[in-house]
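Novice: One structure is given below, represented as structure tokens, and several questions about it will come after.
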Amino acid sequence: MAAVLVVTGPSGVGKGTLIENLRQRVPELELSVSATTRRPRPGETHGVDYWFLTDEEFERRAAAGEFVEHAAYSGRRYGTLRTELDERVERGVPVVLEIELQGARQVRRTMPAAVQVFIAPPSFEALRTRLVGRGDTETMAHLDARLQTAREELAAQDEFAEVVVNDRLEEAVAALEAVVRRGVLKAKGDAA
Ligand code: ADP
Ligand code: 5GP
């Protein structure tokens with residue numbers, strides 16, 4: 001049985017921050033490194049933060065069926081490579097995907113056993129402040145598009161049985177950890 005956690009929610013809501021904190025509390029949870037066609041932000045490393053691919057390479061891999069899911073977001077492509085999941089699922093290693101809404105919907109169809117959590121901001125203003133606060137050029141160049149997409153994504157949170165509001169970070173991490181221990185790690189135990 002796959003022990004897969006999907007964390008979704010608008011860009012800038014704190015998904016990456018929450019997952020980093022979660023993995024300190026649940027070290028056996030491994031992170032799926034996504035592929036993307038966007039450029040690296042300062043400090044981002046190929047193979048650690050993302051697999052940074054050219055448009056041609058992404059398209060070739062998509063056509064070859066190498067993605068579990070993939071989507072366009074803010075003019076760029078993002079996707080989960082099967083190689084990030086298959087071997088871990090086989091070994092029973094729990095794995096977390098940090099992906100946007102369209103990808104989460106695809107995973108819901110193809111991997112219904114995966115546990116999905118929507119991360120919501122305390123308010124739209126707080127989301128805007130966090131996105132701007134991150135301050136990278138790529139985000140700022142597409143800020144309006146990202147905020148518009150965020151509005152649409154927030155409207156979809158009712159699709160998710162588990163919603164964690166990322167207001168105070170410590171509380172949100174604790175809530176996410178509770179979901180993981182209840183759903184993901186239990187699923188793994190059941191399969192053993
Ligand atoms: P995402 O991965 O969803 O795009 P990030 O994890 O990059 O979001 O977080 C976006 C920004 O918001 C970062 O600058 C991060 O430090 C900040 N942030 C995350 N969680 C909180 C929180 N609970 N309160 C205030 N700021 C936060
Ligand atoms: P960013 O450019 O801010 O790193 O990511 C933009 C959005 O793409 C975020 O909402 C992030 O969760 C999402 N994303 C990252 N990796 C993937 C992926 O593999 N698949 C999908 N569908 N979305 C992803």
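Here, each number is a calculation from the coordinates, and none is a lab measurement. Only a predicted model underlies this, so the values are computations on that prediction, with no experimental measurement involved. Glycine gets a Cβ as well: all are built from the backbone with ideal geometry, and neighbour counts include every protein chain shown.
Novice: Taking the chain as the region of interest, what is the percent of Cα-Cα pairs per 10 angstrom bin, listed from the shortest bin to the one with the maximum distance?
Specialist: 9, 37, 39, 14, 1
Novice: Report, in debye and to the nearest 20, how large the dipole of the chain comes out about its Cα centre when Lys and Arg carry +1 and Asp and Glu carry -1 on their Cβ.
Specialist: Once rounded to the nearest 20, the dipole reads 140 debye.
Novice: If you take the beta carbon distance between ARG128 and ALA174 as r and set R0 to 22 Å, what does 1/(1 + (r/R0)^6) give as a FRET efficiency, to the nearest 0.05?
Specialist: 0.30
Novice: Right, here's the next one. Over the chain, what is the mean sequence separation of C-alpha contacts under 8 Å (at least six apart), divided by residue count, expressed as relative contact order in percent?
Specialist: Answer for the chain is 35 percent.
Novice: Hey, can you grab everything whose amide H is under 5 Å from the amide H of LEU31? Only 5+ residues off in sequence or another chain; H modelled, so Pro and N-termini drop out.
Specialist: Long-range HN contacts for LEU31: VAL96.
Novice: Can you list residues from other chains, or at least 5 along the same chain, whose modelled amide H is less than 5 Å from the amide H of TYR73?
Specialist: Answer set, sorted by chain and number: TYR78.
Novice: Express as a percent, rounded to the nearest 5, the fraction of DSSP beta bridges in region 1-154 (both residues included) that run antiparallel.
Specialist: Here the share of antiparallel DSSP bridges comes out near 40 percent.
Novice: Put a dot 7 Å past each Cα toward the Cβ at ALA145 and ASP167; how far apart are the dots in nm?
Specialist: Each label point lies 7 Å from its Cα, and together they span 3.3 nm.
Novice: Hey, quick one: spin label on ASP158, modelled 7 Å out along Cα-Cβ, who in region 113-152 has an amide N within reach, i.e. under 19 Å?
Specialist: Within reach of a label on ASP158, which here means backbone N under 19 Å from a point 7 Å along Cα→Cβ, region 113-152 contributes 117-121, 123-124, 150-152.
Novice: Report, in whole Å, the centroid distance computed from the Cα atoms of region 8-25 and region 120-192.
Specialist: So the separation of the two Cα centres works out to 7 Å.
Novice: Spelling out what I want: for every residue of region 22-31, take phi, set θ = phi - 60°, compute 6.51 cos²θ - 1.76 cosθ + 1.60 (Karplus), and round to whole Hz; glycine and proline get x.
Specialist: Coupling constants for region 22-31: 4, 5, 6, 8, 10, x, 6, 6, 9, 9 Hz.
Novice: Got the relative contact order for region 117-164 handy, in percent, Cα pairs under 8 Å and 6 or more residues apart?
Specialist: Reported relative contact order: 64 percent.
Novice: How much length is gained if the chain between GLU59 and GLU28 is pulled fully straight, taking 0.36 nm per residue apart and subtracting their Cα-Cα distance, in nm to one decimal?
Specialist: 7.9 nm
Novice: Under 10 Å, Cα contacts only: if you run a Gaussian network model on the chain, which one of PHE160, PHE118, PHE67 comes out with the highest mean-square fluctuation?
Specialist: Highest fluctuation of the listed residues: PHE160.
Novice: What ranking, highest mean first, results for peptides 44-57, 27-40, 121-134, 92-105 when packing means the other Cβ atoms within 10 Å averaged over each residue?
Specialist: Peptide ranking by packing, descending: 92-105, 27-40, 121-134, 44-57.
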